[in-house]
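The structure under discussion appears below in the form of structure tokens.
The values are calculated or read from the model by the stated rules, or taken from the named source; none is laboratory data. In this text the structure is predicted, and so the values were computed from the model without any measurement. FYI the Cβ positions are ideal-geometry reconstructions off the backbone, even for glycines, and counts take in every protein chain you see. The protein model used for the area step is the full one, side chains on, heavy atoms only, and it has no ligands, DNA or RNA in it. Shrake-Rupley method; radii C 1.70, N 1.55, O 1.52, S 1.80 Å.
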Amino acid sequence: MTRAPIELQFLPYATIHNHPRSRNKAKYELIIKGGTVVDPSQSIHERQDVAFNYGKVAAVEPDISDNLANEIVDATDAIVTPGLVDLHVHVYWGVGHYGIEADPTQVAKGVTTAVDAGSAGAWTFPAFRRYVMERSATRLYALLNISSMGMISPKIGELEDLRWADIEDATSVGRRLSLLTIQSCRRHNTRGL
């Protein structure tokens, strides 16, 4: 059996229509029409319309009338799903050597929540929180690297010199900033061959 590849299309590429109905009288702010709704938590995988009010889902039904909304998004041939979660990213762009920008690589691809897997350590985490986590549209959580410097060098692993493994600094920052976990990664060779 051959399966056709799935092409994901997200809201920025959908067609949005402003409906002439008055904003004050419409039942919904927005309706996403004609998409295939995939929501495993609700056991839904079928063509449905999704209506929103105040940024929250207000209705999921087979055919919601266009007259009930201020805006209509045509999602025909698109998948409509709750935001996805990426459990392993490195989004400390410009500091961490694996770092990528959070929003262009997450929200633009349907990911609304991501977990940075230890890009920052105790010495670099306050800046990571201020300049990445607090400014990102993606909801970001982070694992604090036990290495005080975090993952900043492509040539030297953060724990190749175990003096960087400063448990006191990590737990101090973790307690002060109410972090949930501290992670450690021991890489054998970060330079390649």
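Any residue at all in segment 156-164 that's open to solvent by less than 10 Å² (accessible area, probe 1.4 Å), at pLDDT below 95 and part of a helix (DSSP H, G or I)?
For segment 156-164, residues open to solvent by less than 10 Å² (accessible area, probe 1.4 Å), at pLDDT below 95 and part of a helix (DSSP H, G or I): absent.
Got a number for residues in segment 96-111 being more than 18 Å from the chain's Cα centre (by Cα) and at pLDDT 90 or above?
Here the count works out to 0.
Counting just the residues of segment 140-152 that are open to solvent by 30 Å² or more (accessible area, probe 1.4 Å) and not aromatic (Phe, Trp, Tyr), which one comes out nearest to the chain's Cα centre (by Cα)? Working first, answer last.
Step one: filter segment 140-152 for residues open to solvent by 30 Å² or more (accessible area, probe 1.4 Å), giving 141, 143, 146, 152.
Imposing the further condition that a residue be not aromatic (Phe, Trp, Tyr) reduces the set to 143, 146, 152.
On the way: 143: 15, 146: 24, 152: 22 Å.
Going through the qualifying residues, I end up with 143.
Residues to consider are 137, 114; find the one that is within 18 Å of the chain's Cα centre (by Cα), buried (at least 18 other Cβ atoms within 10 Å of the Cβ) and modelled with pLDDT of 85 or more. Give the steps one after another, and end with the answer.
On the way: 137 fails: buried (at least 18 other Cβ atoms within 10 Å of the Cβ).
It is 114.
For segment 94-125, which residues satisfy the criterion of being β-branched (Val, Ile, Thr) and part of a strand (DSSP E or B)?
111, 112, 113, 115
Give 91, 50 a once-over and let me know the one that is in a strand (DSSP E or B) and open to solvent by less than 40 Å² (accessible area, probe 1.4 Å).
Checking each option against the conditions leaves just 50.
Quick one: how many residues across segment 21-47 are assigned to a loop (DSSP other than H, G, I, E, B) and surrounded by 13 or more Cβ atoms within 10 Å (Cβ to Cβ)?
Qualifying residue count for the region: 3.
Say we look at segment 69-88 and pick out the residues that are surrounded by 17 or more Cβ atoms within 10 Å (Cβ to Cβ) and either closer than 16 Å to residue 141 by Cα or not small (Gly, Ala, Ser) (or both); which of these is nearest to the chain's Cα centre (by Cα)? If you could, list the steps in order and put the result at the bottom.
Taking segment 69-88 and keeping what is surrounded by 17 or more Cβ atoms within 10 Å (Cβ to Cβ), we get 69-73, 75, 78, 80-81, 86.
Within this subset, residues satisfying the condition of being either closer than 16 Å to residue 141 by Cα or not small (Gly, Ala, Ser) (or both) are 70-73, 80-81, 86.
Values: 70: 27, 71: 25, 72: 25, 73: 22, 80: 16, 81: 13, 86: 6 Å.
For segment 69-88, the residue satisfying everything is 86.
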